[in-house]
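These notes concern the structure reproduced below.
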Amino acid sequence: MWGAFAEPADSYYQIRPECTDVPNTKFKIKPGKTLSVRKWQAAFTTEGFLDIGKTLSRIQRGGIHPSIRGEVWEFLLGCYDPKSTFEEREQIRQRRRLQYASWKEECKQMFPVIGSGGFITAPVITNKGEPINDPLVLQETNLGANGADFFKELASRGPLDKKVIQWLLTLHQIGLDVNRTDRTLVFYEKKENLSKLWDILALYAWIDNDVGYCQGMSDLCSPMIMLLEDEADAFWCFERLMRRLRGNFRDTGRSVGVEAQLTHLASITQIIDPKLHHHLEKLGGGDYLFAIRMIMVQFRREFSFCDSLYLWEMMWALEYDPEMYSLYEEPQFEGERTIEGSSKGKPKSINQCGKYERENMKNGGKSAEGPLPISVFLVASVLKDKSSKLMTEARGLDDVVKILNDITGNLDAKKACTGAMKLHKKYLKKQAKK
C-alpha cells in the first residue's frame, strides 16, 4: 500500500475536471512519516486504549493517511478519550447517534424538509413569523404536494416561538452557503451530500442557542461529511470542532468574538515585528480585520482542500490537551476550551499533550481568556513571512488584502506550523522578560 515514494494525497478528494483554478496540493503521503493504517492500528492495545503520545508525534511529522483521517480526527477533537476501550467508545457512539436522531426528528416536526434529501435557499417565513409560500421553496424540496400543506399547517399554528422563528429564518441562509461550499469537489455533485451538510448545520443551529448558525461554519463542517460516512458521527465531530471555535462566531451586538483573536494577533505582531505593525496601523489596519477570514475558517481559503485538512490535523495535534474529552462531556455548551476548566483536577501528563500545549504548560503562555490558539500564531507567521512585501508594496488596505490573497495555494502547511511554533516561543520569551 505504501510503496517507496510519496503518494499524492489529493487523489482521495476528486476535483471536478472543469475546475482549473484550484490551488495545487503540496501534501504528499510519505512512508515512515505519515500516520499510516498500520501504525494507527498498532497504537491501540487489545482492550482499545490508544497511545496518544506516539500518535501525536507521528501526525506532527507527516499528517494522517486520508483513509483513516475521520476516525483519527474524532480523537484529536475530543470525541473520544484515548484511555477508553473499544467497547466504551462503541457505547458512546451509539448513544450519540440516538441523540442526533432525536434532535433530527424534533427539527423535522418543525420543518419537514429536514431529512428529506432536499434543502432550501429561499426564506420560508418573515421576520414576524408569517409564512412565505415561495414557489422556489416547493421546487427545491422533495415534499411535492405536501409542501403546500406544510405552509397551510405553519400558518395555522398561530404565533411562533421566538426561537423557532429565528431558526426558520436561518435555514435558507444555510442553504445558500451550502450551495457555495467546496463545489469544486466531485463529492458535492450529489445533492444527497449537499442535503446532509444542510441537515447537520440546521440541527447545530437549533441546539446551539447562543451562537446558532453563522457564515463560515459550512467550510468547517464540509470535511466532516466527506470523512465520516455516518451523518451523526460527522455531526459530533463538527460539534467538537465548534467547541474550540464557537467563541469566534459569538455576536454580543457590540462585538464579534473573533475580534479578541485579532486583538491578540495585533499584540503578537507588535512584539514580533513592530515595524510591520506600525505600517499596518498607518494604513488603517490596526484592527487586523483583513485577517478575519483566516481565523474564522481556519485557512480553508488559503490552502487547497487537501492541504487545509493537513494543516488542521497538524494544528490539533500540536494543541492536543488530554483533558479535552472530560471538558467537552460536561453540560452542553457550558464550557469552551480552557485549561482551568477541568472537572477532574488531576495534573496532565505532559507526554500526552501536543507540542504547542506543552510549551504553554511550561511557560504559562496564557491570556486572560485562556491559552491562545495556534491559529493566531499561524496568521502572525504569514504576516512575518510577507513583512517585506507588505512594507514595500502595501499603500492601502486593499493592497494588504491583495498580497495576502496571493498566498492562496502557495503555503506549505508543515512549514506554516513550524513558523507558528517558532513565533510562539519567541513571543513567550519576550513576554517572560516583561
When region 378-395 is examined, which residues are found to be part of a loop (DSSP other than H, G, I, E, B) and either open to solvent by 20 Å² or more (accessible area, probe 1.4 Å) or of a type in the set (Lys, Arg) (or both)? LYS386, ARG395
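Listed here are the residues, each with its yes/no results for (1) touching a Ser or Thr at 6+ places or on another chain (Cβ under 6 Å); (2) closer than 22 Å to THR126 by Cβ; (3) assigned to a helix (DSSP H, G or I).
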residue	(1), (2), (3)
LEU160	no, yes, no
LEU171	no, yes, yes
ILE174	no, yes, yes
ILE200	no, no, yes
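Residue-wise test of (1) over 15 Å from the mean Cα position of the chain (by Cα); (2) open to solvent by 20 Å² or more (accessible area, probe 1.4 Å).
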{"position": "GLY158", "(1), (2)": "yes, yes"}
{"position": "LEU171", "(1), (2)": "yes, no"}
{"position": "PHE187", "(1), (2)": "yes, yes"}
{"position": "LEU194", "(1), (2)": "yes, no"}
{"position": "ASN209", "(1), (2)": "yes, yes"}
{"position": "SER218", "(1), (2)": "no, no"}
{"position": "PRO223", "(1), (2)": "no, no"}
{"position": "MET226", "(1), (2)": "no, yes"}
{"position": "ALA232", "(1), (2)": "yes, no"}
Keeping to region 22-46, report how many residues are open to solvent by 20 Å² or more (accessible area, probe 1.4 Å), at pLDDT below 85 and either assigned to a helix (DSSP H, G or I) or in contact with a Ser or Thr (Cβ under 9 Å, 6 or more places away or on another chain) (or both). 6
Condition first: over 17 Å from GLU229 (Cβ atoms) and surrounded by fewer than 20 Cβ atoms within 10 Å (Cβ to Cβ). Now tell me which residues in region 59-79 satisfy that. ARG61
Find the residue count for region 82-125, including only residues that are crowded, with 16+ Cβ neighbours inside 10 Å, in a loop (DSSP other than H, G, I, E, B), at negative phi and not hydroxyl-bearing (Ser, Thr, Tyr). 11
Taking region 152-205 only, how many residues are in contact with a strand residue (DSSP E or B) (Cβ under 6 Å, 6 or more places away or on another chain) and in contact (Cβ under 8 Å) with a residue 60 or more places away in the chain? 1
Entirely in region 254-324, the helices (runs of 4 or more DSSP H) that have 1 or more residues that are small (Gly, Ala, Ser) and open to solvent by less than 40 Å² (accessible area, probe 1.4 Å): 258-272, 305-319
Give region 397-417 a look and list any residue that's in contact (Cβ under 8 Å) with a residue 40 or more places away in the chain and open to solvent by less than 20 Å² (accessible area, probe 1.4 Å), or say none. VAL400, LEU404, ILE407, GLY409, ALA413, ALA416, CYS417
Checklist (1) at pLDDT 65 or above; (2) within 20 Å of the chain's Cα centre (by Cα); (3) open to solvent by 80 Å² or more (accessible area, probe 1.4 Å) applied to GLY354, failing item: (3)
Counting only residues in region 145-156 that are open to solvent by 50 Å² or more (accessible area, probe 1.4 Å) and either touching a Gly at 6+ places or on another chain (Cβ under 9 Å) or under 17 Å from SER116 (Cβ atoms) (or both), the one modelled with the highest pLDDT is identified as GLU153
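The values are calculated or read from the model by the stated rules, or taken from the named source; none is laboratory data. All figures in this text were calculated on a predicted structure; none of them were measured in a lab. Glycine also receives a Cβ, built like all others from the backbone with ideal geometry; neighbour counts cover every protein chain displayed. Heavy atoms of the whole protein, side chains included, go into the accessibility calculation; ligands, DNA and RNA do not. Shrake-Rupley method; radii C 1.70, N 1.55, O 1.52, S 1.80 Å.
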